[in-house]
1. Which numbered condition trips up Tyr133, out of (1) assigned to a helix (DSSP H, G or I); (2) of a type in the set (Ser, Thr, Tyr); (3) in contact with a strand residue (DSSP E or B) (Cβ under 7 Å, 6 or more places away or on another chain)?
2. Could you list, in sequence order, all residues of region 118-146 that are exposed (fewer than 14 other Cβ atoms within 10 Å of the Cβ) and touching a helix residue (DSSP H, G or I) at 6+ places or on another chain (Cβ under 6 Å)?
3. Can you tell me which condition Pro82 does not meet? The list is (1) loosely packed, with under 13 Cβ neighbours inside 10 Å; (2) within 30 Å of Glu33 (Cβ to Cβ), and all the others hold.
4. Suppose we filter Leu35, Leu104, Leu58 for residues that are surrounded by 14 or more Cβ atoms within 10 Å (Cβ to Cβ) and touching a helix residue (DSSP H, G or I) at 6+ places or on another chain (Cβ under 6 Å); which single one remains?
5. Considering each residue of region 49-58, count those that are modelled with pLDDT of 95 or more and in a loop (DSSP other than H, G, I, E, B), and give that number.
6. Can you tell which of Val64, Val44, Val115 is in contact with an Asp or Glu (Cβ under 6 Å, 6 or more places away or on another chain) and either β-branched (Val, Ile, Thr) or surrounded by 12 or more Cβ atoms within 10 Å (Cβ to Cβ) (or both)?
Amino acid sequence: MSPDLNMEIKLGVHDTLTTPSIAWDFKTDGDAELLEKEMIEFMVANHGVGLAANQFGLNKRVFVIGSDNVPGFPQPFAVFNPHILEYSTEQALFKEGCLSYPDLWLTIKRPDWIVAQYQDSKGNLHEVKIDGYLARCFQHEYDHLDGICFVDKVSQMKLQLAMKKLRKTK
């Protein structure tokens, strides 16, 4: 059973966001292709470029990533049971947002590239080297599956300053 597509993502920490997700079982967990479709629809409707299953109310190691509106970015697709096998030693700072924290932007340091392994919605195994913006988004969503949010990657002072700035703009 998939979550309700009308669910509203709200600012703040949710229990499902702080709990590590469990592996997707293609034999018992339901229709992976339908879940991919529903998660992509939800992500696109909420103007995101990534959405983890635990943000969608499902505690499984699945996320969708991609966009039809970002030049050079892939079409949205699902990532099941991902593993990051290798990280670059070089890191870059870049502003990130999150559907679970609307309008909050934080500068996060992440590796420039990764080597990842995952299954698609048909269960096929892929191993890819990813760099740039896609690598950043992949790592952001991967963190969600481990119960880590981007707000956990900055100091309390930086988070408080960003929250103060957000409140002033509203």
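The values are calculated or read from the model by the stated rules, or taken from the named source; none is laboratory data. Remember, it's a predicted structure, so these values are computed and weren't measured experimentally. Using ideal geometry, Cβ is built from the backbone for each residue, glycine included, and neighbour counts are taken over all protein chains shown.
1. Looking at each condition in turn, Tyr133 falls short on (3).
2. Correct list: empty.
3. (1)
4. Values: Leu35 fails: touching a helix residue (DSSP H, G or I) at 6+ places or on another chain (Cβ under 6 Å); Leu58 fails: touching a helix residue (DSSP H, G or I) at 6+ places or on another chain (Cβ under 6 Å).
Residue meeting the stated conditions: Leu104.
5. 1
6. Within the list Val64, Val44, Val115, the selection yields Val115.
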